[in-house]
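Quick one: structure below, then a few questions.
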Amino acid sequence: MTNVNVTLGADALSLSWPDGGTADYPYIWLRDNCPSGLHPDTQERMADLTQMPEAPWWPRQSSPDRI
């Protein structure tokens with residue numbers, strides 16, 4: 001298992017690996033690609049991202065996690 005630092009930023013979730021690699025995932029992208037948002041039979045998106053609030057509230061904290 002690899003130790004990954006997870007940071008919840010204002011607009012994106014950021015991952016940092018011990019080797020110096022990083023990745024940023026915008027919250028809107030995570031929401032759009034979440035499998036729980038797909039209809040179980042048709043696999044169509046059930047939520048309309050254009051109807052989401054412009055600035056949704058996201059918790060802002062940092063903590064090391066194991067992924």
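Scanning region 33-46 for residues that are over 16 Å from the mean Cα position of the chain (by Cα) and part of a loop (DSSP other than H, G, I, E, B), which turns out modelled with the lowest pLDDT?
Only one residue tops the list, namely MET46.
Something else about it: Take the conditions modelled with pLDDT of 80 or more and loosely packed, with under 12 Cβ neighbours inside 10 Å and apply them to ALA55. Does it pass?
Values: modelled with pLDDT of 80 or more: no; loosely packed, with under 12 Cβ neighbours inside 10 Å: yes.
Here the answer is no, as ALA55 does not meet what is asked.
The values are calculated or read from the model by the stated rules, or taken from the named source; none is laboratory data. Computed from a prediction, not measured in an experiment: that's the story for all the values here. Note that each Cβ is placed from the backbone with ideal geometry, even for glycine, and that neighbours are counted across all protein chains shown.
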